[in-house]
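See structure below.
The values are calculated or read from the model by the stated rules, or taken from the named source; none is laboratory data. Since the structure is predicted, the reported quantities are computational estimates derived from the model, not experimental observations. FYI the Cβ positions are ideal-geometry reconstructions off the backbone, even for glycines, and counts take in every protein chain you see.
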Amino acid sequence: MTTTLKIFTAGVAMGVASQTVDQWNAAHPDSLAQLDKGGSVIGAQKQLSGENFDVLILADDSLFSTMLASEVDGYVVFAGNRMVVIATEGRSIDSSDWEDKLTDPQTVFAHFDPKADPGGYRAILSMSLADHYRKGLAQKLLEHPGRLLLDKPGPPGTGPKFDYIFGYGSMAKAKGLIHAQLPEVMDLSQDHLADLYATAHFLIDEKTVIHGSPIAHALAIPKKTARPDLAYEFSKLFLAHDFGALGFCPRAKTVGQWPPKGF
């Protein structure tokens, strides 16, 4: 009898998660892993609504201690990241001109839905911190007439057009995209700036406030998993990857009960 291992992954970890699923399925034909991808807030909401994933791979570790506090006993942070600004085809941008290009009244720049995706609210947090780089810049960015919120991404060539998009450094590197690194006071990458990052916040809903923090991607096994043994083995396979070589920032820690109870 074939069983299914349900895995949810944030887009930022899609490449590694897909590779892990392929490795797993080749070795476990009777316990196939099935991958679901989306914004981490959406993944948390699916878990809370009863989908009961066996492994959750989220872009923001804080969701495990806020939205999913009752669903997990602990989690492991496997990587960090930084916010960057990525140019679309035919555009250029770098660390010397990103400010001029983003504040140009003719520019259209995008970010994902902050109610659904940590990449979206981290873009807003990053812009909110811009006054620590140049006074008055936060308002210019947040109130820019060309700031565009993206809903679910569609096939290439569909959807609204824009010049630049806020995203993760690891994704820009993996895809070889032209991008600008932001100042450290804005890019959410530095542990020693945690107190400064925390001065920015975003309200997901009436119960969940996200404060700025150094970016941390994390994995957990929900308490409701029917196959904790398989979920743990899959998690170990995923965590064995060299995330630094894949463009992620080094960051690793465990919070709460990890490994899960019984291991």
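Checking Val72 against (1) β-branched (Val, Ile, Thr); (2) within 22 Å of Lys253 (Cβ to Cβ); (3) in the same structural domain as Met186 (by TED's automatic domain parsing): exactly one of these is not met. Which one?
(3)
Tell me yes or no: at least one residue of the range 133-140 is assigned by TED's automatic domain parsing to the domain that holds Lys161, charged (D, E, K, R) and surrounded by 15 or more Cβ atoms within 10 Å (Cβ to Cβ).
yes
Among residues belonging to the range 1-46 that are among the polar types (S, T, N, Q) and outside any helix (DSSP H, G or I), point out the one that is farthest from Gly244 (Cα to Cα).
In this case the residue turns out to be Thr2.
Would you please name the residue that is nearest to Met83 (Cα to Cα), looking only at residues in the range 206-263 that are charged (D, E, K, R) and assigned to a helix (DSSP H, G or I)?
Lys236
What pairs can you find where one residue is in the range 2-22 and closer than 22 Å to Asp229 by Cβ, the other is hydroxyl-bearing (Ser, Thr, Tyr), and their Cβ atoms are less than 7 Å apart, with a gap of 6+ or different chains?
Thr3/Ser31; Leu5/Ser31; Ala17/Thr9
Hey, can you tell me all the residues within the range 54-69 that are assigned to a strand (DSSP E or B) and in contact with an Asp or Glu (Cβ under 9 Å, 6 or more places away or on another chain)?
Answer for the range 54-69, where residues must be assigned to a strand (DSSP E or B) and in contact with an Asp or Glu (Cβ under 9 Å, 6 or more places away or on another chain): just Leu56.
List pairs: first in the range 28-50 and within 15 Å of Ile221 (Cα to Cα), second polar (S, T, N, Q) and crowded, with 17+ Cβ neighbours inside 10 Å, Cβ under 7 Å, 6+ apart or cross-chain?
Leu35/Thr9
Which condition does Val72 not pass, out of (1) farther than 16 Å from Lys224 by Cα; (2) not in a strand (DSSP E or B), if it passes all the others?
(1)
Could you please let me know if Ile124 is buried (at least 21 other Cβ atoms within 10 Å of the Cβ), in a strand (DSSP E or B) and among the β-branched types (Val, Ile, Thr)?
Considered against the rule, which asks whether it is buried (at least 21 other Cβ atoms within 10 Å of the Cβ), in a strand (DSSP E or B) and among the β-branched types (Val, Ile, Thr), Ile124 comes out as no.
Of (1) within 17 Å of the chain's Cα centre (by Cα); (2) assigned by TED's automatic domain parsing to the domain that holds Ala33, Phe234 satisfies all except one. Which?
Only one criterion is unmet by Phe234, namely (1).
Before we move on, is Ala87 under 23 Å from Ile165 (Cβ atoms), in contact (Cβ under 8 Å) with a residue 60 or more places away in the chain and in contact with a Lys or Arg (Cβ under 8 Å, 6 or more places away or on another chain)?
Taking the combined requirement at face value, the residue does not satisfy it.
When you scan the range 161-181, do you find a residue that is out of contact with any strand residue (DSSP E or B) (no Cβ under 7 Å at 6 or more places or on another chain) and over 25 Å from Thr9 (Cα atoms), even just one?
yes
Mind listing whichever residues of the range 11-23 are in contact with a strand residue (DSSP E or B) (Cβ under 6 Å, 6 or more places away or on another chain) and surrounded by fewer than 20 Cβ atoms within 10 Å (Cβ to Cβ)?
Selection gives Met14 alone.
I'm trying to understand the selection: among the residues of the range 183-205, which are within 21 Å of Phe248 (Cα to Cα), in contact with a Phe, Trp or Tyr (Cβ under 9 Å, 6 or more places away or on another chain) and assigned to a loop (DSSP other than H, G, I, E, B)?
Pro183, Leu188, Gln190, listed by residue number.
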